[in-house]
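Read through the structure below, which is laid out as C-alpha coordinates, and then see the notes.
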Amino acid sequence: MENTYEYKYKRAKERVECIKSFYTHAVVYAIVISFLVYINYRTTSFVWVVFPAVGWGLGLVGHGLKAFGQNLFLGKDWEERKIKEYMDNSEF
(Lines give C-alpha, C1' and ligand atoms only; values in the text may rest on other atoms or scores of the structure.)
Protein backbone atom coordinates (compact mmCIF):
# COMPACT_ATOMS: atom_id res chain seq x y z
CA MET A 1 0.00 0.00 0.00
CA GLU A 2 1.15 3.51 -0.78
CA ASN A 3 2.33 5.66 2.04
CA THR A 4 0.50 8.86 2.90
CA TYR A 5 2.93 11.17 1.11
CA GLU A 6 2.68 9.25 -2.17
CA TYR A 7 -1.10 9.18 -1.94
CA LYS A 8 -1.32 12.93 -1.28
CA TYR A 9 1.15 13.63 -4.08
CA LYS A 10 -0.86 11.51 -6.52
CA ARG A 11 -4.13 13.25 -5.56
CA ALA A 12 -2.54 16.71 -5.78
CA LYS A 13 -1.07 15.92 -9.18
CA GLU A 14 -4.46 14.72 -10.45
CA ARG A 15 -6.09 17.90 -9.16
CA VAL A 16 -3.49 20.14 -10.83
CA GLU A 17 -3.88 18.27 -14.12
CA CYS A 18 -7.66 18.69 -13.93
CA ILE A 19 -7.31 22.45 -13.31
CA LYS A 20 -4.79 22.74 -16.15
CA SER A 21 -7.20 20.85 -18.41
CA PHE A 22 -9.99 23.25 -17.44
CA TYR A 23 -7.92 26.31 -18.37
CA THR A 24 -7.05 24.74 -21.73
CA HIS A 25 -10.74 23.97 -22.26
CA ALA A 26 -11.67 27.59 -21.44
CA VAL A 27 -9.12 29.03 -23.88
CA VAL A 28 -10.25 26.71 -26.69
CA TYR A 29 -13.89 27.63 -25.92
CA ALA A 30 -13.10 31.35 -26.16
CA ILE A 31 -11.25 30.97 -29.46
CA VAL A 32 -13.81 28.71 -31.13
CA ILE A 33 -16.87 30.65 -29.96
CA SER A 34 -15.24 33.90 -31.09
CA PHE A 35 -14.67 32.37 -34.51
CA LEU A 36 -18.28 31.15 -34.64
CA VAL A 37 -19.54 34.62 -33.66
CA TYR A 38 -17.54 36.09 -36.56
CA ILE A 39 -18.95 33.49 -38.98
CA ASN A 40 -22.48 34.09 -37.68
CA TYR A 41 -22.09 37.86 -38.06
CA ARG A 42 -20.79 37.57 -41.61
CA THR A 43 -23.29 35.02 -42.94
CA THR A 44 -26.79 35.45 -41.53
CA SER A 45 -28.99 37.61 -39.34
CA PHE A 46 -30.21 34.62 -37.30
CA VAL A 47 -28.15 34.39 -34.12
CA TRP A 48 -27.44 30.64 -34.19
CA VAL A 49 -24.14 30.99 -32.34
CA VAL A 50 -26.05 31.08 -29.05
CA PHE A 51 -26.79 27.35 -29.26
CA PRO A 52 -23.20 26.05 -29.37
CA ALA A 53 -22.10 28.77 -26.93
CA VAL A 54 -24.69 27.77 -24.33
CA GLY A 55 -24.29 24.02 -24.86
CA TRP A 56 -20.53 24.04 -24.72
CA GLY A 57 -20.64 26.66 -21.98
CA LEU A 58 -22.65 24.31 -19.75
CA GLY A 59 -20.02 21.63 -20.29
CA LEU A 60 -17.31 24.14 -19.45
CA VAL A 61 -19.10 25.11 -16.23
CA GLY A 62 -19.33 21.43 -15.27
CA HIS A 63 -15.64 20.97 -15.99
CA GLY A 64 -14.83 24.02 -13.87
CA LEU A 65 -16.92 22.77 -10.96
CA LYS A 66 -15.12 19.45 -11.06
CA ALA A 67 -11.70 21.06 -11.39
CA PHE A 68 -12.20 23.32 -8.40
CA GLY A 69 -13.82 20.70 -6.17
CA GLN A 70 -17.46 21.75 -6.31
CA ASN A 71 -19.53 18.60 -6.75
CA LEU A 72 -23.18 19.68 -6.79
CA PHE A 73 -24.65 16.21 -7.23
CA LEU A 74 -22.83 13.85 -4.89
CA GLY A 75 -21.20 16.24 -2.45
CA LYS A 76 -17.60 16.77 -1.50
CA ASP A 77 -15.48 13.64 -0.99
CA TRP A 78 -18.38 11.35 -1.89
CA GLU A 79 -16.09 9.00 -3.79
CA GLU A 80 -13.72 8.65 -0.85
CA ARG A 81 -16.57 7.90 1.55
CA LYS A 82 -17.98 5.25 -0.79
CA ILE A 83 -14.58 3.57 -1.21
CA LYS A 84 -14.15 3.48 2.56
CA GLU A 85 -17.66 2.08 2.97
CA TYR A 86 -16.97 -0.73 0.50
CA MET A 87 -13.58 -1.49 2.03
CA ASP A 88 -15.17 -1.74 5.48
CA ASN A 89 -17.93 -4.01 4.17
CA SER A 90 -17.09 -7.63 5.01
CA GLU A 91 -19.12 -8.99 2.04
CA PHE A 92 -16.94 -7.27 -0.50
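The values are calculated or read from the model by the stated rules, or taken from the named source; none is laboratory data. Being a predicted model, the structure only gives us computed values, none of them experimental. Note that we place each Cβ from the backbone using ideal geometry, even for glycine, and neighbour counts take in every protein chain shown. Please note that ligands, DNA and RNA were not included when accessible areas were found on the heavy atoms of the full protein model with its side chains. Shrake-Rupley method; radii C 1.70, N 1.55, O 1.52, S 1.80 Å.
Numbers below:
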read-out	value
The chain - mean residue ellipticity at 222 nm from DSSP helices (-39,500 (n - 2.57) per run, n ≥ 4, rounded to 500)	-26500 deg cm²/dmol
Solution diffusion estimate, µm²/s, Stokes-Einstein, the chain, Kirkwood Rh from C-alpha pairs, 20 °C, viscosity 1.002 mPa s	131
Solvent-accessible heavy-atom area per residue, rounded to whole Å², over the stretch 18-64 at 1.4 Å	70
Label-point separation in nm, Thr43 to Met87, each point 7 Å along Cα→Cβ	5.3
Dipole of the chain, positive direction: furthest Cα of Phe35, Leu58, Phe68, with charges on the beta-carbon	Phe35
